[in-house]
Amino acid sequence: MNSREKPKAVVLLSGGLDSLTVLALAIQQGFDCHALSFDYGQRHSAELNAAKVIVKRYALQSSKVIPVGLNSIGGSALTDESIAVPSQPGDGIPVTYVPARNTIFLAFALGWAEVLHAHDIFIGVNAVDYSGYPDCRPEYIQSFQELANLATKAGIEGQRIAIKTPLIDLSKAEIIKIGSELGVDYSTTVSCYSADESGYACGVCESCRLRKEGFVTAGVADPTRYQS
């Protein structure tokens, strides 16, 4: 089946471990994947550089990096340098939560899906390891999908758009195992909240901790490049 015969899908690609696994799953399922990344004012560009490497490696039909200045409103340790990235988990919603991020990202993905005549949008949200993020919950995804089909020409004309979240109920170890079975090279990904410009991870933030524990539990060698 060539790319013209495959169903199209928009895949949100951050450059992290989860998003690469989702891309690999979408490709395995026979989708012609179009990668969508965002320069949203995050504290480093390493993850975007990782996304570009992934797009090239998988020879995707098309990809976009859309600038969205979420740093202009701040409110998150990922977009506001005056807020420290915590090294230990705390109570409540973490300061690494970026206000409305997934809603904004999915809205752009929805628009591009309509233009491409794609009926599927893949996103690597996870409610197990990141249960503190309100926009990673199944009920949020269900609500956005309802909105997507109420607010679009495609939805009104019966060409319903599905928001696919294949990782939402999986642990980090389960995600890594699936990716490893698909031949995913995780050395190209950046998950760290405080990665340097070369993509080296801090090794102490919550994202690094979850990633480290995931590789150990999965019994897979950790290819992450750490700063020390």
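The numbers here are math on the coordinates, done by the rules we state, and not lab data. Predicted, not measured: the structure shown is a model, and the values here were computed from it. When we count neighbours, we look across all protein chains shown, and the Cβ atoms used for this are built from the backbone with ideal geometry, even at glycine.
May I ask you to list the residues in the range 23-66 that are of a type in the set (V, I, T) and closer than 16 Å to K8 by Cβ? First the steps, then the outcome.
Restricting attention to the range 23-66, the residues satisfying the condition of being of a type in the set (V, I, T) are 27, 53-55, 65-66.
Result: I27, V55.
Just give me the residues in the range 82-126 being of a type in the set (D, E, K, R) and either assigned to a helix (DSSP H, G or I) or touching a residue at least 12 places away in the same chain (Cβ under 8 Å) (or both), in sequence order. Walk me through how you get there before you give the answer.
The initial filter retains those residues of the range 82-126 that are of a type in the set (D, E, K, R), namely 91, 101, 114, 120.
Residues satisfying the conditions are R101, E114, D120.
Counting just the residues of the range 97-146 that are of a type in the set (S, T, N, Q) and out of contact with any helix residue (DSSP H, G or I) (no Cβ under 7 Å at 6 or more places or on another chain), which one comes out surrounded by the most Cβ atoms within 10 Å (Cβ to Cβ)? If you could, list the steps in order and put the result at the bottom.
Taking the range 97-146 as the starting set, the residues that turn out to be of a type in the set (S, T, N, Q) are 102-103, 126, 131, 142-143, 145.
This time we only want the ones that are out of contact with any helix residue (DSSP H, G or I) (no Cβ under 7 Å at 6 or more places or on another chain), so: 131, 142-143, 145.
Numbers: S131: 11, Q142: 12, S143: 13, Q145: 20.
Among residues in the range 97-146 that are of a type in the set (S, T, N, Q) and out of contact with any helix residue (DSSP H, G or I) (no Cβ under 7 Å at 6 or more places or on another chain), the one surrounded by the most Cβ atoms within 10 Å (Cβ to Cβ) is Q145.
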Could you tell me which residue of the range 36-61 is surrounded by the most Cβ atoms within 10 Å (Cβ to Cβ), considering only residues that are touching a Leu at 6+ places or on another chain (Cβ under 8 Å) and polar (S, T, N, Q)? S37
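State whether one or more residues within the range 10-18 are under 20 Å from C136 (Cα atoms) and polar (S, T, N, Q).
Initially, the range 10-18 is screened for residues under 20 Å from C136 (Cα atoms), giving 10-18.
Keeping just the survivors that are polar (S, T, N, Q) gives 14.
Yes.
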So which residues in the range 132-166 are more than 17 Å from K8 (Cβ to Cβ), touching a strand residue (DSSP E or B) at 6+ places or on another chain (Cβ under 7 Å) and of a type in the set (V, I, T)? I141
Specify which of the listed residues (K64, K56) is outside any loop (DSSP other than H, G, I, E, B), over 18 Å from K164 (Cβ atoms), touching a residue at least 24 places away in the same chain (Cβ under 8 Å) and among the basic types (K, R). K64
